[in-house]
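The values are calculated or read from the model by the stated rules, or taken from the named source; none is laboratory data. Since we're looking at a predicted model, the values are computed, not measured. All Cβ positions, even for glycine, are placed from backbone atoms using ideal geometry, and neighbour counts span all protein chains on display.
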Amino acid sequence: MDIHIKLLSDLAKIPTQATPFSAGYDLYAAEAIVVPRLGRKLIKTNISMAIPMNHYGRIAPRSGLAYKNGIDVLAGVIDSDYRGDIGVILYNTDNNLDFTVHVGDKIAQIIIEPCAHVNFVKSNDLTATKRGEGGYGHSG
């Protein structure tokens, strides 16, 4: 699948795959910023892309940043019709240390996934299932 990418500055980098079997493509910071302890910041990548229709880009955390530094990603959906600068919201779960992002750091990954477009049909009755309305913790 070809995805066209526009670099919006000299600081932008095309996403890269760490290994041939990596699901995600690393996204790079195009700005230096400090994510305060227990805080969040929006970091620009200075890239925009044309994700194919019936797909979206899911912004996911990098496992190394999560494990070593407690850095998570918030709000990670890039719609196929979005053409702006892709930003990554990093959340620092550490309650003692700030986290510094440098230009060119790998900050997250994008995974291109298919998505269904549906029509919601109002209905008075739904088909019965064994689970029924069982919610949180219903299965033990």
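Scan the stretch 55-114 residue by residue and report those that are of a type in the set (S, T, N, Q), under 20 Å from Val35 (Cβ atoms) and either assigned to a loop (DSSP other than H, G, I, E, B) or more than 11 Å from the chain's Cα centre (by Cα) (or both).
Matches in the stretch 55-114: Ser63, Asn69, Asn92, Thr93, Asn95, Asn96, Thr100.
Take the conditions of a type in the set (A, V, I, L, M), assigned to a loop (DSSP other than H, G, I, E, B), surrounded by 13 or more Cβ atoms within 10 Å (Cβ to Cβ) and at pLDDT 95 or above and apply them to Leu27. Does it pass?
No.
Answer yes or no: is there a residue in the stretch 52-59 that is of a type in the set (Gly, Ala, Ser), within 13 Å of Tyr28 (Cα to Cα) and either in contact with a helix residue (DSSP H, G or I) (Cβ under 9 Å, 6 or more places away or on another chain) or buried (at least 17 other Cβ atoms within 10 Å of the Cβ) (or both).
no
Take Tyr91 and decide whether it is under 28 Å from Thr19 (Cβ atoms) and either among the hydroxyl-bearing types (Ser, Thr, Tyr) or loosely packed, with under 11 Cβ neighbours inside 10 Å (or both).
yes
Would you please name the residue that is farthest from Val118 (Cα to Cα), looking only at residues in the stretch 30-53 that are assigned to a loop (DSSP other than H, G, I, E, B) and under 17 Å from the mean Cα position of the chain (by Cα)?
Residue satisfying both the conditions and the ranking: Ala30.
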